[in-house]
Amino acid sequence: MAQRILESGQIETLERREIPRLIPPAAQVFGIRARRLQALAPGHAIEGYLQLMARLCEAQQQALDGLSPAVLADLREQAFGQRPAAAAEAGMPPLLAGDLQRDPIWREILRTLCRKLGDATGFPEPVAAIVGELVGTEDVELEAQADALLDSAGAEPRNAASAPFVMAALQVYWTALAGDERIHALHPMADAPGLCPACGSAPVASQVHARAPHAGHRYLACALCSCQWHFVRVQCSRCGAMGKDIAYQTLTDAESEDNSAAREAGVRAETCEACHGYRKILYEEKDHGVEPVADDLASLALDLLLGELGYARASQNPLLWQLAGD
């Protein structure tokens, strides 16, 4: 039987046709994240913080589920209606984080999240103080904090302690917007493939999926709207360098001369010698429970190792913010 040999350009075209280019946010994305954090927390060096963030994610899921179809429809029409025709023709993200005029509902979501955490037991007193202060913070200051967090991948928060809670509310808002059917038609941006095609935000990590139709393919995971988009493997998602500039690091690499355990690790750091940056990469085949935000947060020891080796983290985890120099 004759076989047809495809040229490289034809292979790429076929790949684009067959591989889903974007994965919209799962309906239970925050619930899945909460359960993963709860699973990772026992015995962890930052067990208390992981448990706190798990509770926050549970509250996020409740807030998302609480948005009625009518409210969701209004929010989405309002957001998508802000996109200029020229921006749409140029392939710019329809929910661009830095430009979108946010509906005040995101502040209602924030205060609801904070009240739920304020009523929770088993957490240190400073937690109640932080969320209690946020409930009473004036709208103008909350908007300023949101602007700071959404300005760029390396933006510094006005208040690092309250940033995870503000970001949590923004995540619920943008994830609700990204649930719109119009998101399904988006593709990675040709001139900025490392940024989310839905909202333009930086990814928190990447994930190599193990389940069809995404099996074997790497997707970047948005830190804001919860979308994932296809990104070729062995390429820096920060600067685009490929091949010999890319390497992979795990804690096992530093602790043992035998790298067989490292090859089985579900979480690794993809480092780049061209820009000296890195992001985590998760392998679902090695651990079917991996979740980008949760596993990135729970692997802080790997961040410390990479920092000692001179690599810079490419972007923040939405549930943990640090000021420059910390």
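The values are calculated or read from the model by the stated rules, or taken from the named source; none is laboratory data. For clarity, every value in this text was computed on a predicted model and none was experimentally measured. Note that we place each Cβ from the backbone using ideal geometry, even for glycine, and neighbour counts take in every protein chain shown. Surface areas here come from the heavy atoms of the whole protein model, side chains and all, with no ligands, DNA or RNA. Shrake-Rupley method; radii C 1.70, N 1.55, O 1.52, S 1.80 Å.
Rounded to the nearest 20, the size of the Cβ-charge dipole of region 65-134 about its Cα centre is 20 debye, with Lys and Arg at +1 and Asp and Glu at -1.
Kirkwood analysis of the Cα pair distances in the chain returns a hydrodynamic radius of 20.6 Å.
Couplings for region 92-101, taken from phi via the Karplus curve 6.51 cos²θ - 1.76 cosθ + 1.60 with θ = phi - 60°, read 6, x, x, 10, 3, 4, x, 10, 5, 7 Hz in order; Gly and Pro are left as x. Rg/Rh for region 93-215 (Cα atoms only, Rh after Kirkwood) is 1.02. For region 180-291, a simple Cβ point-charge model (Lys and Arg +1, Asp and Glu -1, everything else neutral) yields a dipole of about 320 debye relative to the Cα centre. When a 1.4 Å probe is rolled over the protein heavy atoms, the share of accessible surface on the chain that falls to carbon and sulfur comes to 52 percent. So if we plug the beta-carbon distance of residue 115 and residue 301 into 1/(1 + (r/R0)^6) with R0 = 35 Å, what FRET efficiency do we get, rounded to 0.05? Efficiency, from the Cβ-Cβ distance: 0.60. Computed on protein heavy atoms with a 1.4 Å probe, the accessible areas place 242, 92 in the order 242, 92, largest first.
Solvent exposure of region 104-210, expressed per residue, is 41 Å² of accessible area, with all protein chains present and a 1.4 angstrom probe.
How far, in nm, would the chain grow between residue 215 and residue 138 when pulled straight, counting 0.36 nm per residue and subtracting the alpha carbon separation? It would help to have the intermediate numbers written out before the result.
On the way: separation 77, 0.36 × 77 = 27.72 nm, distance 4.63 nm.
Gain on extension, residue 215 to residue 138, equals 23.1 nm.
Normalising by residue count, region 21-69 has a Cα convex hull of 74 Å³ per residue.
Between residue 128 and residue 28, the C-beta separation translates, for a Förster distance of 35 Å, into a calculated FRET efficiency of about 0.80.
Sorting 288, 230, 276 on solvent-accessible area from highest to lowest, probe radius 1.4 Å, gives 288, 276, 230.
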